[in-house]
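Q: Encoded as structure tokens, here's the structure I'll be asking about.
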Amino acid sequence: MKTAGGGKGAPLLEVRQLSQHFGGLKALDGVDLDLSQGEIVSVIGPNGAGKTTFFNVMTGVYPGTEGAILFNGEAVRGLPSHEVIRRGIARTFQNIRLFSNMTALENVMVGRHCRTRNGLLAPLLRLPAYYEEERRIEAAAKDLLGFVGLLSFGNHLAKNLPYGDQRRLEIARALATEPKLIILDEPTAGMNPAECERLVELIRRIRDRGVTVLLIEHQMRVVMGISDRVVVLDYGVKIAEGKPLEVTKNPRVIEAYLGKECD
Amino acid sequence: MFLQQLVNGLTLGSIYSLIALGYTLVYGILVMINFAHSEVLMVGSFVALAVFRFAPAILPQGPVGLIVALVLSMAGAGVLNVVIERFAYRPLRHAQKLAPLISSIGVSIVLQNAVFLWVSTQSESFPELIAATQFSIGGAGVSSLQLVCMASAIGLMMGLHFFIEHTKVGKAMRACSDDLETAGLMGIDSSRIIALTFLVGGALGGAAGVLYGLNYGSIKYNLGFLPGVKAFTAAVLGGIGNIRGAVLGGFILGIMEVMAAGYIPRGSDWKDVIAFSVLIFVLLLRPSGILGEKIAEKV
Amino acid sequence: MTPVSAAKWAGLAAILVVPALLGSGNYAYLVQAGGMIGLYMILALGLNFTMGYVGLFDLGYIAFFAAGAYGAAICGAYNVPLLIELPLTVAFAVLLRLGLGVSILRLRGDYLAIVTMGFGEITRLVINNLDSITNGPKGMEVPPLQLFSWTLSGNLGYYYLIAACVALGVIGSRRLEDSRVGRAWVAIREDETAARLSGISVNEHKLLAFTISAGFAAVAGMIFAHWIQFVTPESFVFWESILIVSMIVLGGMGSIYGVLLGALILGGVPQILQVFLAGSKWIDYRYFFFGVVLVVVVLFRPEGLWPHKRRQAELHEEAA
């Protein structure tokens, strides 16, 4: 599959020796990772392994202490979050973070922010540019709501949606920024098997749109089912990487997980 | 001259510190600015005045009278603070963030006007609980009032330190201040601890009210505002929620204010400008105050 | 015409016509009270951008009103024409706000409250102490508003000018609320981190809201100074900042009509009481009752009297 950005072989994302230290604590310690366009890759590891920290450094929440993140060949480590998002990385959160008192539709419309341009003048004077852009924003947002199966809930306040719907709304909002890479932080947390099933299917459809997916996931069944590759972190270090089945047989992984959750 | 200013600064600072503790204790536990704290302080000073008017016998001049006045004012102010919490803040514990603040502004207006309407509209002279005599220490004139002020304030702070570090309820208070929800899950009755925090904070404010009256000689219905604002500034300066920070901030602010008034031409006009400018400057360098911990947001 | 829209038009007509009828009769004070309420409305609408939409506290907002008023006074002293005074004064207030704004972008809610309060007090004290420019506590005389050879004087004229500004403020607020920038502001209020990670440049949008807020306050301050024709530092005390913040919380944060209602109640009631209670002993009770009302309303309606209903129109559309 060929993309506008990089030619065949050039990875979408190259992470090199990425570290994040907090005082003496090495939350991330020299992590390498390559992602190619269209992949679904899972990051697993015991609690406190540095998975969320990794995502936070990737999206500019933490600056990172050392190492490089090349996205589409451009260095993005240390950029402010909104600049990272603009370059095509979007994410969701472990604890859902929606704009609670905005409607579902508005939440997704906010996601269009970095792809639209209206400032103060156009809306104040109600110029044609205002109407034209608002229409496009709304159409795109509705399209995405439909994509995640929430079209009929557009007018509901985000905080009033059921838990599973909130997770999907967060994904729609992230997709609205037109990412090339979407990062999902435990998307199935707290979901029942039926909801999980729908979410796995949604992740596949996201990939089919040409978006690369990187996710943190605890449910092994989900990881096994959708991942092209699995990366295992433990104490901030990458201890294994490979096809799902290979990884589960890796002795270091078994050791890290021994006595811990393994569905 | 410098020594003299330092003594004046320490006196003012000790009062600011006591008030700042009230702000910081409440903030530490509920993350709200108790705007009415300045009125609790004012009411505390009026409690001492009322006792003096109606039962002068129990407030003889000297240490005994001072201690009785302090205890009664602290009790009055502490209870008032608890009542305020119960009726004006507790119902809003799960409301939007700014609601308790607005409620506390309302309480502040009510208390100030209640004293204005039903107690006194003008300055009232405060009882001379301690005879004012001047000492000279190394060329600096120190009054007995200043010494009493500092000694009482430091005594109270030490008492607070002991209470918080070494008693069981004190530890529960610290636990709540750390994480109210978890403390609740660990079996601590958080509503009771919150009430206790308001009691302690209010009591310290009441004591500050007495020391204020003693030091300035007169009290008025609106006396709380300026020291309240300054003390809150001090609490933020030190790192709000941090007890040692409040004391440190109070002394820094008190000394700075006195020094500014003494050494800068027309300094007394500019002292408040300087105090607030320092606050802004400090927060620019250290957004969480001098001793405050950086709270990294969890994502 | 539905009853609601009929009531709306009747209300609008009353706001416009009644003052003219009252003109110089016994109730002329109502026109003045109306003008003052209108100024509070402009201020509350202005602060609503920072506080209502973006959720950033400002306990020193009155400083920018002061900047507008003293801008007018100083321009008046040098006979600066209105067409230069207006941009000059607004630019001054906005720069002041941006100077403060840039430095406090990193601060969290309560720290922000205290720093802005400090800034408000600094502004008042500086005005008070800079005798050579502001004439200090004695205050400054200000000429009435003058455009070329036409002079605006009398309460009624200012009333209409203020009413027009309120109308513009409402229209501007509504239009911005329903725009890309407006949504970004509310998103920041709801969750700053999530907003940033949805691609919004949070700092830029905060500064934008600060700018607009300061602009509203500066215009209100200019009108106030030219109308009353006198300014002193005492008009810009901390209490006034609290009052405006209270208007927004009382009415409903981020709700345009709520904010107007808050300004009407908190700005109007004390003035009306002052007139009706003049001479009676109850006059002294007005602030007491003000405090009681504030507490009671917050306790029973913590979300405000007239909270914002998002996307109400759309819900109607669907129902139809």
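Q: Name the single residue, out of those in region C:195-211 being in contact (Cβ under 8 Å) with a residue 60 or more places away in the chain and buried (at least 24 other Cβ atoms within 10 Å of the Cβ), that is nearest to the other protein chains (Cβ to nearest Cβ).
A: C:A209
Q: Name the residues in region B:79-106 that are among the β-branched types (V, I, T), modelled with pLDDT of 90 or more and buried (at least 23 other Cβ atoms within 10 Å of the Cβ), would you?
A: B:I84
Q: Moving to a separate point now. Within region A:76-99, track down each residue that is under 11 Å from the mean Cα position of the chain (by Cα), closer than 14 Å to A:G111 by Cβ and not small (G, A, S).
A: The answer is A:I85, A:I89, A:R91, A:T92, A:F93.
Q: If you don't mind, another one. Within the group B:I67, B:I58, which residue is more than 10 Å from chain C (Cβ to nearest Cβ), surrounded by fewer than 15 Cβ atoms within 10 Å (Cβ to Cβ) and under 21 Å from the mean Cα position of the chain (by Cα)?
A: One residue alone meets the criteria, B:I67.
Listed here are the residues, each with its yes/no results for (1) closer than 21 Å to C:D191 by Cβ; (2) assigned to a helix (DSSP H, G or I); (3) within 8 Å of another protein chain (Cβ to nearest Cβ); (4) open to solvent by 10 Å² or more (accessible area, probe 1.4 Å).
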{"position": "A:R77", "(1), (2), (3), (4)": "no, no, no, yes"}
{"position": "A:I96", "(1), (2), (3), (4)": "yes, no, no, yes"}
{"position": "A:F99", "(1), (2), (3), (4)": "yes, no, yes, no"}
{"position": "A:L105", "(1), (2), (3), (4)": "yes, yes, yes, no"}
{"position": "A:V110", "(1), (2), (3), (4)": "yes, yes, yes, no"}
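Q: Which residues, counting only those in region A:114-124, are at the interface with another protein chain (Cβ under 7 Å from one of its Cβ atoms) and open to solvent by 10 Å² or more (accessible area, probe 1.4 Å)?
A: Result: A:C114, A:T116, A:N118, A:G119, A:L120, A:L124.
Q: Return the pairs, sorted by first residue and then second, in which the second residue is crowded, with 19+ Cβ neighbours inside 10 Å and hydroxyl-bearing (S, T, Y), the first residue lies in region B:254-272 and is more than 12 Å from B:L6 (Cβ to Cβ) and modelled with pLDDT of 85 or more, the beta carbons are less than 9 Å apart, and the residues are 6+ apart or on different chains.
A: Once the first residue is more than 12 Å from B:L6 (Cβ to Cβ) and modelled with pLDDT of 85 or more and sits in region B:254-272, its partners that are crowded, with 19+ Cβ neighbours inside 10 Å and hydroxyl-bearing (S, T, Y) give B:E257/B:Y16.
Q: Helices (runs of 4 or more DSSP H) wholly in region C:73-170 with at least 1 residues that are surrounded by 20 or more Cβ atoms within 10 Å (Cβ to Cβ) and among the basic types (K, R) - which ones?
A: Because the criterion is at least 1 residues that are surrounded by 20 or more Cβ atoms within 10 Å (Cβ to Cβ) and among the basic types (K, R), the helices (runs of 4 or more DSSP H) in region C:73-170 that meet it are C:82-104, C:109-129.
Q: For region A:206-229, enumerate the residues that are hydrophobic (A, V, I, L, M, F, W, C), within 22 Å of A:G146 (Cα to Cα) and not in a helix (DSSP H, G or I).
A: Result: A:V211, A:V213.
Q: Select from region B:107-120 the residues that are surrounded by fewer than 15 Cβ atoms within 10 Å (Cβ to Cβ) and either at the interface with chain C (Cβ under 7 Å from one of its Cβ atoms) or more than 23 Å from the chain's Cα centre (by Cα) (or both) and list them in ascending order.
A: Result: B:W118, single match.
Q: State yes or no: is B:S143 loosely packed, with under 13 Cβ neighbours inside 10 Å, more than 14 Å from chain C (Cβ to nearest Cβ) and more than 21 Å from the chain's Cα centre (by Cα)?
A: No.
Q: Name every residue in region C:9-34 that is outside any helix (DSSP H, G or I), under 11 Å from C:L156 (Cβ atoms) and either open to solvent by 60 Å² or more (accessible area, probe 1.4 Å) or at pLDDT 80 or above (or both), in order of residue number.
A: Across region C:9-34, the qualifying residue is only C:S24.
Q: What's the total number of residues in region A:135-156 that are open to solvent by 20 Å² or more (accessible area, probe 1.4 Å) and in a helix (DSSP H, G or I)?
A: 12
Q: Go through region C:270-305 and give me each residue that's at pLDDT 80 or above and either open to solvent by 40 Å² or more (accessible area, probe 1.4 Å) or among the small types (G, A, S) (or both).
A: Matches in region C:270-305: C:Y287, C:F289, C:G291, C:V292, C:V293, C:V296, C:L299, C:F300, C:R301, C:E303, C:G304, C:L305.
Q: Which of the following residues is within 18 Å of B:L21 (Cβ to Cβ) and in contact with a Phe, Trp or Tyr (Cβ under 8 Å, 6 or more places away or on another chain): B:A203, B:A234, B:A207, B:A195?
A: B:A234
Q: Output yes when any residue across region A:177-184 is open to solvent by 40 Å² or more (accessible area, probe 1.4 Å) and modelled with pLDDT of 95 or more, and no when none is.
A: Checked region A:177-184: at least one residue is open to solvent by 40 Å² or more (accessible area, probe 1.4 Å) and modelled with pLDDT of 95 or more.
Q: A further question follows. Only residues that are farther than 23 Å from B:L147 by Cα and without any contact (Cβ under 8 Å) to a residue 60 or more places away in the chain: list them for region B:227-253, please.
A: B:T233, B:V236, B:L237, B:G239
Q: Before we move on, is B:T233 open to solvent by 50 Å² or more (accessible area, probe 1.4 Å) and either within 14 Å of another protein chain (Cβ to nearest Cβ) or polar (S, T, N, Q) (or both)?
A: no
Q: Limited to region C:181-194, what total is found for residues that are open to solvent by less than 10 Å² (accessible area, probe 1.4 Å) and either in contact (Cβ under 8 Å) with a residue 24 or more places away in the chain or more than 7 Å from chain A (Cβ to nearest Cβ) (or both)?
A: Matching residues across region C:181-194 total 5.
Q: Can you tell me how many residues in region B:197-217 are farther than 19 Å from B:S108 by Cβ, modelled with pLDDT of 95 or more and open to solvent by 10 Å² or more (accessible area, probe 1.4 Å)?
A: The total comes to 1.
Q: Kindly indicate whether B:I67 is free of Cβ contacts under 8 Å to residues at least 12 places away in the same chain and in a helix (DSSP H, G or I).
A: Judged against the criteria, B:I67 is a match.
Q: Looking at C:S246 and the list (1) polar (S, T, N, Q); (2) more than 22 Å from C:I114 (Cβ to Cβ); (3) within 13 Å of chain B (Cβ to nearest Cβ), which single condition is not satisfied?
A: Unmet for C:S246, out of (1) polar (S, T, N, Q); (2) more than 22 Å from C:I114 (Cβ to Cβ); (3) within 13 Å of chain B (Cβ to nearest Cβ): (2).
The values are calculated or read from the model by the stated rules, or taken from the named source; none is laboratory data. Since the model is a prediction, treat every value here as computed from it, not as a measurement. Quick reminder, even Gly has a Cβ in these numbers, built from the backbone with ideal geometry, and neighbours come from all protein chains shown. Heavy atoms of the whole protein, side chains included, go into the accessibility calculation; ligands, DNA and RNA do not. Shrake-Rupley method; radii C 1.70, N 1.55, O 1.52, S 1.80 Å.
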